[in-house]
1. Based on the alpha-carbon set only, what is the convex hull volume of region 175-226 divided per residue, in Å³?
2. For region 78-137 and region 195-255, what is the separation of their Cα centres, given in Å?
3. Please state the shape class of region 43-156: rounded when a/c is under 1.5, otherwise prolate if a/b exceeds b/c and oblate if not, all from the C-alpha gyration tensor.
4. Could you bin all the Cα-Cα distances of region 33-394 into 10 Å bins starting at 0 and give me the percent of pairs in each, rounded to whole numbers?
5. Compute, for the chain, the length of the dipole vector about the Cα centre, with Cβ point charges of +1 (Lys, Arg) and -1 (Asp, Glu) only. Units Debye, rounded to 20.
6. Helix 385-394 sits at what angle to the longest principal axis of the chain, using alpha carbons and giving 0 to 90 degrees rounded to 10?
7. With the cut-off at 1.5 for a/c, could you classify region 272-356 from its C-alpha gyration tensor as rounded, prolate or oblate?
8. Using only Cα atoms, tell me the angle between helix 96-116 and the longest principal axis of the chain; keep it within 0 to 90° and round to the nearest 10.
Amino acid sequence: MTAFRPFDEKGTPIEEQAMSWKELVTVPYDKKAVDPHTRTRVILMNGIENNATLTKHAIARLCPKPEVKKALAITRRVDSMQQQAVNWMNPAQQTITETTLGFEQVAFDLTANLAQNEEDAYQKATLDFALLEDFDHLYRYAFLYQQLEGGDASKFLKDTIDIKEGRPTRVHHRHPSDEMRRSWDKNTASPKTKMNYFTIVSAEQQTELFYKSHGQMYEDELARGLYTEIADVEEQHVTLYESLGDGSMTPLEMNFLMEVNEAYNYWSCAQTESDPRFRQFWEEMMRDEIGHVRSAMDLLQRFENKDPEKVLGGDRIEVPIVFEETKGYVNRVLEEQRGLQPYNMEYMPEHKVPKDWPSFAYRDRLNGRWTPSEVVVSASGGRGKERVKVQARQR
Ligand SMILES: [Fe+2]
Ligand SMILES: [Fe+2]
Ligand SMILES: [Fe+2]
Ligand SMILES: [Fe+2]
């Protein structure tokens, strides 16, 4: 596949980008007929847009320059509209638990794809590390889906993934100080490393926000508990991933890189989309983003006298982000890395972690006498995907 060249793409002028209510209220996909990877693209792009909107608000709040605030408001309004148009593609017929299965599929299929295309060994190790945790979340939610709705998660996701235990959720709960990581350097990191960073932070942040805004909608105490527990892990994931970013990026550099990443993600979606209606939408959104990239380049040049190509670290991103089956890769990582934990910003088997690791006491305190991620499995009377399937059939 060809590389993405943001400086060569044709964009839509910003004044043509506002959408009518009719355009914003998009037609949802059918949860049964949809290609599971179209669903994951919708879930991911909603997160990408929400992060763009929220980050630009944060930048504007810390910025004293009216001209910059105004330029941010103009592109942010479109990002906010894009977010609604994308999110409204999720159908009402899809239950919260089913959307949750989609979120976790995004989390590890995306992470597996980014990890396989990440040249920086430390960034890759971090992606592989957290991958196994989201993999386990899906396993736990699959039990909940079976218990609450009699659903079969494998069937719902059309067997595009293996559903089995990863690194168990009960040991994901670490002290916040153990979520710090070494960051990449903005002067030497590749464009792809920078894009991977913005993509994964956006996706994990959206997962956290979704669990926190939907977990309370369940009456069932175990469901409320499971969402609480896993939402807290997603907060950790946002923390560890955002610590990979170079904190010396200026707000306008961040704004520019984030716009390039939005465009790059839509471009990737369009390259791989199986549904023509969605492909057309992704292409349209990509052209909008190129308009935002131009605006961000203008701010960089005017206020910081910086060359956008240098800020990106090149003029292209070599490979698209692809949603595809990652069973082989995930199984390999699972075999090799299931027992790892972070200590002093490095990964090691938990049995080698020194006794003074702050996370030991911290996770005992959180798990206390009730760990919903364990109960949801034991309440089903067994472990493993086969058992989930058998029980689903018996209902
Ligand atoms: Fe956007
Ligand atoms: Fe997760
Ligand atoms: Fe996560
Ligand atoms: Fe944008």
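A short reminder: the numbers here are calculations on the coordinates, not readings from a lab. As the structure is a computational prediction, the values presented were derived from the model and not from experiment. For neighbour counting, all protein chains shown are included, and Cβ atoms are generated from backbone atoms with ideal geometry for every residue, glycine included.
1. 91 Å³
2. Cα centroid to Cα centroid, the span is 10 Å.
3. Numbers: a/c = 3.13, a/b = 1.51, b/c = 2.07.
Note, shape of region 43-156 comes out oblate.
4. Binned Cα distances yield the sequence 5, 25, 33, 25, 11, 2, 0.
5. Dipole size: approximately 580 debye.
6. 70 degrees
7. oblate
8. Compared with the principal axis, the helix lies near 70 degrees.
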